[in-house]
Amino acid sequence: MKKHFYLPILLFLQTTVIIAQQVKPDANNAGLKLPAGFGALKVADNLGSARHIAITPQGDIFVKLGDLKDGKGIYWLHDSNKDGKADKMLGFGDYGGTGMYLKGNYLYASSNTEVVRYKLANDYSVDTTGEKIITGLLDRGEHESKSIVLDKDDNIYVNVGAYSNSCQEQDRQEGSMGKKPCPILDSAGGIWQFKADKENQTYGDAIHYATGLRNVVGLDWNTQTNTLFVMQHGRDQLADNFPTYFNVKQSAELPAECMYELHKGSNCGWPYIYYDEFQHKKMLAPEYGGDGKKTGGEDAQNPIVAFPGHMAPDGLLFYTGNMFPEKYKNGAFIAFHGSWNRAPEPQKGYFVAFVPFKDGKPSGDWEIFADGFSGKTTVTSPSQAVHRPCGLAQGPDGSLYVSDDAKGTIYRIIYTAK
């Protein structure tokens, strides 16, 4: 018989209005640059590789760590005096990973090969034994994180990233051509749909929901459109692999990091194409006969937003709260983790962006919402970035929470203007 252990989470019967009044931003807004009327505070620090996060209706925080801290991969954070700072912390789960999602009375968390769900009591105390609902997911040591999200019908969607840059015969080698068809796509490079309440599911139990996605870390279910939105990490090394067609500046800026709206059967085109944000076209990848001028992917869908290349979008959240001004309602926040391969150009990203939406469609240009995470005006090497945004979550009062997997900081952004 399994033993059950419960984290002692206390239920405070305070309204979110009272909580919002008592919480104040840090004097320096936690080092962040924000639009007028917004403030920020550090909820917690030095957690380690804090990846995706989830917030309970009481405002407690669950954090998934990429690597274990004191032997634990999930941490529960609690603020006893409601000053906005976590003063209690308990860990459980003996595996690292990225995915974290809370829906109803269950907390879902992923390793690089499995998804576990934990039963929550009415006060959101958690049974830390958990039950394995998905197992046997592919992990070949590249793009191995498994991001997760649930829809309103309790289906769970899991990203399985491609263990390749562009499905070459010899990965990341100059002049090596692409495999066609790409064999990776049978078990990676896409999104798989499972049931949220069935134990020990494998690929054989899943629906292969979408394909042609090199790697998705940030994803969210849009409740307005009732559809899945994802942020794809674009491919690397155009100039390294095919210097005849691409120079280093082009390679630093191409291809776009893309937002897609997915439906069952969606095909986004990887590895055969990439999206050029300057030409606004789907381009044939050089591994498949492209030269930077040939278009391709007639059967692949277009992105709905294209961002500059290599900024690594690791978090996506559609804002449904009431704290922020109306322009943010139902819009998309994206956490850009920051680039590693834009040299000799400066590295980019290390911020949270915002895309306004109306009637389920982008209604304006994207903008930088929260900046200053890197602590540098110019980042020439990713190791220089002090903080790197990763996960996003919305608090019960409408606050926006951001995790950082470089120093393990949890930020909370609030609207302070009246």
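Restricting to the range 363-417, count the residues that are surrounded by fewer than 19 Cβ atoms within 10 Å (Cβ to Cβ) and of a type in the set (D, E).
The total comes to 3.
Residue check, K198 against (1) farther than 23 Å from V115 by Cβ; (2) out of contact with any helix residue (DSSP H, G or I) (no Cβ under 6 Å at 6 or more places or on another chain); (3) charged (D, E, K, R), all met but one. Which one?
Status for K198: all satisfied but (1).
Looking at the range 390-418, which of the residues that are in contact with a Lys or Arg (Cβ under 9 Å, 6 or more places away or on another chain) and of a type in the set (K, R) is nearest to K146 (Cα to Cα)?
So in the range 390-418, the residues in contact with a Lys or Arg (Cβ under 9 Å, 6 or more places away or on another chain) come out as 390-391, 395, 399-412, 414, 416.
With of a type in the set (K, R) added as a condition, the list becomes 407, 412.
Numbers: K407: 21, R412: 25 Å.
For the range 390-418, the residue satisfying everything is K407.
Pick from E287, E261, E298, E277: which is within 16 Å of V216 (Cα to Cα) and charged (D, E, K, R)? Talk me through it step by step, then tell me what you get.
Details: E287 fails: within 16 Å of V216 (Cα to Cα); E298 fails: within 16 Å of V216 (Cα to Cα); E277 fails: within 16 Å of V216 (Cα to Cα).
Among E287, E261, E298, E277, only E261 is within 16 Å of V216 (Cα to Cα) and charged (D, E, K, R).
What are the residue pairs meeting all of these: first residue in the range 393-418, first residue within 11 Å of K42 (Cα to Cα) and of a type in the set (F, W, Y), second residue part of a loop (DSSP other than H, G, I, E, B) and modelled with pLDDT of 95 or more, Cβ atoms under 9 Å, and 6 or more apart or on different chains?
Y401/G395; Y411/L32; Y411/F373; Y411/H387
When residues of the range 138-158 are filtered for being surrounded by 17 or more Cβ atoms within 10 Å (Cβ to Cβ) and either farther than 25 Å from G265 by Cα or hydrophobic (A, V, I, L, M, F, W, C) (or both), how many remain?
Residues flagged as surrounded by 17 or more Cβ atoms within 10 Å (Cβ to Cβ) and either farther than 25 Å from G265 by Cα or hydrophobic (A, V, I, L, M, F, W, C) (or both) within the range 138-158 amount to 6.
Take T223 and decide whether it is surrounded by fewer than 20 Cβ atoms within 10 Å (Cβ to Cβ), more than 17 Å from the chain's Cα centre (by Cα) and hydroxyl-bearing (S, T, Y).
Considered against the rule, which asks whether it is surrounded by fewer than 20 Cβ atoms within 10 Å (Cβ to Cβ), more than 17 Å from the chain's Cα centre (by Cα) and hydroxyl-bearing (S, T, Y), T223 comes out as yes.
Got a number for residues in the range 313-345 being modelled with pLDDT under 95 and of a type in the set (A, V, I, L, M)?
Qualifying residue count for the region: 1.
Please enumerate the residues belonging to the range 109-137 that are of a type in the set (V, I, T), under 19 Å from L150 (Cβ atoms) and either surrounded by fewer than 21 Cβ atoms within 10 Å (Cβ to Cβ) or in contact (Cβ under 8 Å) with a residue 40 or more places away in the chain (or both).
Answer for the range 109-137, where residues must be of a type in the set (V, I, T), under 19 Å from L150 (Cβ atoms) and either surrounded by fewer than 21 Cβ atoms within 10 Å (Cβ to Cβ) or in contact (Cβ under 8 Å) with a residue 40 or more places away in the chain (or both): V115, V126, I133, I134, T135.
Considering each of D314, D359, D299, D365 in turn, give the residue that is acidic (D, E) and closer than 30 Å to Y75 by Cβ.
Details: D359 fails: closer than 30 Å to Y75 by Cβ; D299 fails: closer than 30 Å to Y75 by Cβ; D365 fails: closer than 30 Å to Y75 by Cβ.
Just a single option satisfies the conditions, and that option is D314.
Within the range 130-160, take every residue that is among the small types (G, A, S) and within 20 Å of I74 (Cβ to Cβ) and give me the one that is farthest from the chain's Cα centre (by Cα). If you could, list the steps in order and put the result at the bottom.
Narrowing the range 130-160 to residues among the small types (G, A, S): 130, 136, 141, 145, 147.
From the residues that got through so far, the ones that are within 20 Å of I74 (Cβ to Cβ) too are 130, 145, 147.
Working: G130: 23, S145: 10, S147: 7 Å.
In this case the residue turns out to be G130.
A quick yes/no check of all residues on (1) buried (at least 16 other Cβ atoms within 10 Å of the Cβ); (2) without any contact (Cβ under 8 Å) to a residue 24 or more places away in the chain; (3) assigned to a strand (DSSP E or B); (4) of a type in the set (V, I, T):
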residue	(1), (2), (3), (4)
M231	yes, no, yes, no
G234	yes, no, no, no
Q279	no, yes, no, no
G292	yes, no, no, no
G297	yes, no, no, no
P303	yes, no, no, no
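Name the single residue that is surrounded by the most Cβ atoms within 10 Å (Cβ to Cβ) among those in the range 341-356 being hydrophobic (A, V, I, L, M, F, W, C) and touching a strand residue (DSSP E or B) at 6+ places or on another chain (Cβ under 7 Å). Working first, answer last.
Taking the range 341-356 as the starting set, the residues that turn out to be hydrophobic (A, V, I, L, M, F, W, C) are 343, 351-355.
Retained after the next criterion (residues that are touching a strand residue (DSSP E or B) at 6+ places or on another chain (Cβ under 7 Å)): 351-355.
On the way: F351: 21, V352: 23, A353: 21, F354: 21, V355: 21.
Filtering first and then ranking leaves V352.
Report, ordered by the first and then the second residue, all pairs with beta carbons closer than 9 Å, sequence separation of six or more or different chains, a first member in the range 24-40 that is over 19 Å from A86 (Cβ atoms) and crowded, with 19+ Cβ neighbours inside 10 Å, and a second member that is at pLDDT 95 or above and of a type in the set (D, E, K, R).
Partner pairs satisfying both residue conditions: L34/D371.
Test N81 against the stated conditions and say whether it is loosely packed, with under 12 Cβ neighbours inside 10 Å and either at pLDDT 95 or above or in contact with a Ser or Thr (Cβ under 8 Å, 6 or more places away or on another chain) (or both).
Taking the combined requirement at face value, the residue does not satisfy it.
When the residues of the range 196-215 are narrowed to those that are among the aliphatic types (A, V, I, L, M) and in contact with a Leu (Cβ under 9 Å, 6 or more places away or on another chain), which ends up farthest from P181 (Cα to Cα)?
Top of the filtered list is A196.
Can you pull out every residue in the range 89-121 that is charged (D, E, K, R) and either assigned to a strand (DSSP E or B) or in contact with a His (Cβ under 9 Å, 6 or more places away or on another chain) (or both)?
K103, R117, K119
How many residues are crowded, with 19+ Cβ neighbours inside 10 Å, assigned to a loop (DSSP other than H, G, I, E, B) and not aromatic (F, W, Y) when one looks only at the range 237-277?
The qualifying residues number 7.
Can you tell me which residue in the range 86-108 is surrounded by the fewest Cβ atoms within 10 Å (Cβ to Cβ), limited to those that are within 30 Å of G39 (Cβ to Cβ) and either among the hydrophobic types (A, V, I, L, M, F, W, C) or more than 24 Å from the chain's Cα centre (by Cα) (or both)?
In this case the residue turns out to be D87.
Which residues, counting only those in the range 395-418, are part of a strand (DSSP E or B) and under 20 Å from the mean Cα position of the chain (by Cα)? Walk me through it before giving the result.
Within the range 395-418, the first condition is being part of a strand (DSSP E or B), and the residues that meet it are 400-404, 410-415.
L400, Y401, V402, S403, D404, I410, Y411, R412, I413 - these are the residues of the range 395-418 that are part of a strand (DSSP E or B) and under 20 Å from the mean Cα position of the chain (by Cα).
The values are calculated or read from the model by the stated rules, or taken from the named source; none is laboratory data. Just so it is clear, the model here is predicted, and its values are computed rather than measured. Positions of Cβ are generated from backbone atoms using ideal geometry, with glycine treated the same way; all protein chains shown enter the neighbour counts.
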